[in-house]
1. Where residues in segment 142-171 are loosely packed, with under 14 Cβ neighbours inside 10 Å and more than 17 Å from Ala45 (Cα to Cα), which of them is farthest from the chain's Cα centre (by Cα)?
2. When you scan segment 123-133, do you find a residue that is among the hydroxyl-bearing types (Ser, Thr, Tyr), assigned to a helix (DSSP H, G or I) and more than 25 Å from the chain's Cα centre (by Cα), even just one?
3. In contact with a strand residue (DSSP E or B) (Cβ under 6 Å, 6 or more places away or on another chain) and either in the same structural domain as Thr49 (by TED's automatic domain parsing) or crowded, with 19+ Cβ neighbours inside 10 Å (or both): does that describe Thr108?
4. Within segment 21-42, can you find the residues that are under 21 Å from Val76 (Cα atoms) and either outside the structural domain of Ala146 (by TED's automatic domain parsing) or not in a loop (DSSP other than H, G, I, E, B) (or both)?
5. Inspect all residues belonging to segment 309-323 and state whether any of them is over 16 Å from Trp385 (Cβ atoms) and part of a helix (DSSP H, G or I).
6. So which of Glu106, Glu46, Glu70 ends up being acidic (Asp, Glu) and under 23 Å from Arg182 (Cα atoms)?
7. Mind checking which residues of segment 43-55 are assigned to a helix (DSSP H, G or I) and surrounded by fewer than 20 Cβ atoms within 10 Å (Cβ to Cβ)?
8. Kindly indicate whether Pro345 is in a loop (DSSP other than H, G, I, E, B), in the same structural domain as Pro290 (by TED's automatic domain parsing) and under 19 Å from Thr291 (Cα atoms).
Amino acid sequence: MDRCVVLVDAGYLLGAAASLLAGDPSRSRISVDHATLVRQLRERAEAETAQPLLRIYWFDGAPDRVPQPEHRRLRVMPRVTVRLGALTRSDGRWAQKGVDAAMHAELTELARNKACSDIVLVTGDGDLLPGMTAAKEHGVAVHLWAVQAAGGDYNQSEDLVAEADERRLLDRAWITRAIRARDTAGPCAPQSAPGPEIAAILSAPLPDTAARPARDPEPEHTPAPAETNGTGAGAARAVPTPKDLAALRAADRPAPVKEQPATATLRWSSDKGLVERQGPADSPDDAALPTLAQLTTAEQRWADREEDITTVGGDPFEVGQVFARRWLSRLGDRTLLPRLAALYPRIPHRIDGELLRYAARFGLLAHKDDQIDEHDRYAIRAGFWREIDLPATGQPTAGQPLQPARPLT
């Protein structure tokens with residue numbers, strides 16, 4: 001077949017790019033525009049082989065082989081197939097398992113079945129040498145691409161380089177069209193300011209010290225850079241905890257209700273394990289709002305799952321939007337919407353727990369302790385509120401953020 005195929009070792013491509021651009025092979029040091037990168041790979045492969053592209057295979061590792069958000073974005077792109085190996089941690093370092101074997105198997109199978117005339121390999125691993133040799137014996141031309149190495153050193157197996165039919169270099173200019181170094185000065189550098197929706201949630205006023213229960217004093221806390229409200233005005237404030245917001249909300253209630261414990265009105269299910277807690281302390285507003293599962297039929301559940309697999313990329317903000325869009329479109333009783341608005345910026349704990357469990361499907365759990373990162377949790381909730389708009393009429397419209405029931409300063 002007169003077609004070309006590209007096999008990408010993502011660990012090599014992105015690790016070498018990080019070394020080149022950031023001086024560190026850690027992929028957390030770079031930001032990748034995957035759509036641009038895939039387009040560049042396709043255009044260059046078709047130009048250098050003079051053959052149309054059949055497919056790009058993207059080989060990468062993931063904890064427990066669970067697709068991460070970047071893998072979900074890639075696998076729904078045209079002509080891209082993602083193959084995942086395991087990602088394990090040993091001696092404080094992450095290591096891929098099974099990726100080389102999967103690349104070797106795909107390489108030899110494509111050549112044996114004469115599925116293509118040219119194969120482009122973006123890798124530096126010498127373990128693929130037998131596969132490259134076998135592909136050549138089946139009449140396939142093998143092109144080996146290297147990422148420009150930091151400091152001019154080699155970052156590919158010399159035997160692999162010697163065996164390839166054609167060799168090309170992906171230089172810094174080519175790499176930086178789709179990959180750039182993150183704007184960080186080191187691991188302790190402050191994070192970028194949050195978006196306006198997240199900033200609105202983080203900037204909710206904290207209760208006065210007198211509003212806190214006397215029996216539960218809290219230690220002095222100096223907020224980290226990630227705990228600022230992103231406005232840059234004055235000193236950084238701590239991120240309001242569920243208890244903070246509950247105490248503040250209790251202070252605004254009429255006297256008969258004000259005697260309730262603060263923790264009875266705000267119980268986010270974002271604690272360890274995403275445990276959904278129920279009990280007599282749930283507020284009437286919380287209990288009146290149905291969960292997405294209660295609003296979803298078996299047919300809709302099947303369609304939702306297919307949409308999650310094929311179209312949802314898995315970014316935290318996007319996940320919150322998708323969940324809210326489904327919940328809002330299936331809510332029959334529109335008189336419940338003002339009750340939801342009155343709870344802003346928090347989400348009723350039953351719906352919040354369901355939202356976070358839904359987000360866990362997209363690889364957003366921190367592998368070390370099976371929790372969603374705090375910043376991602378705020379992004380998920382901000383996406384939820386961004387999708388739900390409740391103007392004065394109580395009817396949702398698209399494109400405008402929710403108007404809060406009380407001002408957030």
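1. This residue is Ala162.
2. Yes, segment 123-133 has at least one match.
3. No.
4. Selection gives Ser31, Val32, His34, Ala35, Thr36, Leu37, Val38, Arg39, Gln40, Leu41, Arg42.
5. Within segment 309-323, one or more residues are over 16 Å from Trp385 (Cβ atoms) and part of a helix (DSSP H, G or I).
6. Glu70 is the lone residue from the list that is acidic (Asp, Glu) and under 23 Å from Arg182 (Cα atoms).
7. Correct list: Glu43, Arg44, Glu46, Ala47, Glu48.
8. Yes, satisfied.
The values are calculated or read from the model by the stated rules, or taken from the named source; none is laboratory data. All figures in this text were calculated on a predicted structure; none of them were measured in a lab. Every residue, glycine as well, gets a Cβ built from its backbone with ideal geometry; the counts of neighbours run over all protein chains shown.
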